[in-house]
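Step one of this worksheet: look at the structure below.
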Amino acid sequence: MTAAPHRPATLEDVARVAGVSRSTASRVIAGTGFASPAAREQVAQAVDQLGYVPNPAARALVRGGGVRLVVTVLGTSAAVLDDPYVHRVVGSAARVCTPAGVGVALHWLRLGEPRGLDQLAADRSVCGVILVNTTEDLLEAVPRSLHGRIVSIGIGSATVPSFDVDNGAGSDAVLRHLYATGRRRIAMVTGPRWLPCAQRPVETYRRLMRQAGLPERILPGDFTAARGRVAADEALRRWPDVDAIYAISDDTALGVIAALRDAGVRVPGDVAVAGFDDIPLAGMTAPALTTASHPVGRIAVAAVTALLDGRPAARVTLFPSTLVARASA
């Protein structure tokens, strides 16, 4: 006896399991239009439960496009390719592309050499490009022949639609939580200064500190735990009265906690610590890390779906970020 083949989940299945309309499920998955936070959560759970994969990639093949989608990551070195964030983008892209026979490749562009996109534009096997860690210089260097076949996870332009997390609002929620719990001497560890999307949380921090009449205490970061250790040591040296440190990366925040522990500083008793991303490890540390959500998978799926579907996308699509309060702050 031969078992019946498993039927792939459809959008209708997702809507039924989530208890929402088909149009609501579609808006949540594509990251366009309004949907309540509860509906977004229900749809996200249904997608995970059913293993739903949007399948617009077939249209790209029918149109005679290439057979590879290239995730192109800008960074100071090839080490950026080892970033778990990049791995999640690639994995999510593969979930969309694989059922239609479209491959996913990973490509590194060195910071300061954006003309590397010319090679991809000339490659007939490439049906589309997703930019990660996008800068203004990179957007200006996008060849005209890639227009309509390229999207960005990060900042975008008039010709390159962008998909990203609303890290400004997420940072706002974290910082207001720190303030509400009595913290008044809050330091911040940033992301790389060359990365435009990492500047939104900095702007939020400065605005909230100014509104509350609190001093700005900003330390440079690079999203790594190693830099978090250095930043924590610097914060203790420069501001012995610091009572909270917010890092816009969970990895950095975990490095901060490690350095504070080594210095005999109690978290959160002496210094509260919060991060951003809500990586799986965040809920398993001691103390568990307060952070803000970053739906990397949903962002990547929406970006790939818009790209391969071939329809015009909104210039900017921001996904909500919410506070995840735990023991560290």
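Coordinate-derived values only; no laboratory data. Keep in mind that what you see is a predicted model, and the values were worked out from it rather than measured. Backbone-built Cβ (ideal geometry, glycine too); neighbour counts: all protein chains shown.
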Q: Please determine, in degrees from 0 to 90 and to the nearest 10, the orientation of helix 199-212 with respect to the longest principal axis defined by the Cα atoms of the chain, where the helix direction is its Cα long axis.
A: 40
Q: Would you please give the residues with an amide H less than 5 Å from that of A292, counting only those at least 5 places away or on a separate chain, with H modeled from the backbone geometry?
A: G275, F276, D277, D278, V324
Q) Once you mark the trypsin sites (Lys or Arg not before Pro) that are in a DSSP loop and have at most 11 other Cβ atoms within 10 Å, what is the longest gap between them in the chain? A) 125-265
Q) Under the Karplus relation 6.51 cos²θ - 1.76 cosθ + 1.60, θ = phi - 60°, what is the ordered set of whole-Hz ³J(HN,Hα) values for the range 286-292, x standing for Gly and Pro? A) 10, x, 4, 8, 6, 7, 10
Q) Expressed as a whole number of Å, what is the distance separating the alpha-carbon centroids of the range 260-329 and the range 147-179? A) 13
Q | Of A253, A38, A263, the one that fluctuates the most in a GNM where the chain has Cα springs shorter than 10 Å | A | A38
Q: Starting from the amide H of G191, placed 1.01 Å from N in the peptide plane, find each other amide H under 5 Å away whose residue is 5 or more places distant or on another chain.
A: G221
(Q) On C-alpha positions alone, give me the angle between the axis of helix 84-97 and the longest principal axis of the chain, in degrees, nearest 10. (A) 20
Q) Quick one: helix 225-238 against the long Cα principal axis of the chain, what's the angle to the nearest 10°, folded into 0 to 90? A) 30
Q. Once you mark the chymotrypsin sites (Phe, Trp or Tyr not before Pro) that are in a DSSP loop and have at most 16 other Cβ atoms within 10 Å, what is the longest gap between them in the chain?
A. 35-193
Q: Name the most mobile residue of D83, D166, D278, meaning the one with the largest mean-square fluctuation, in a Gaussian network model of the chain with Cα contacts below 10 Å.
A: D83
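First select every other residue whose beta carbon is under 11 angstrom from the beta carbon of A282; then total the charges, Lys and Arg +1, Asp and Glu -1.
Numbers: positive: R326; negative: D250, D251, D277, D278.
Its environment carries a net charge of -3.
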Q.
Check which residues have an amide H placed less than 5 Å from I245's amide H, if you skip close sequence neighbours.
A. A187, A272, V273, A274
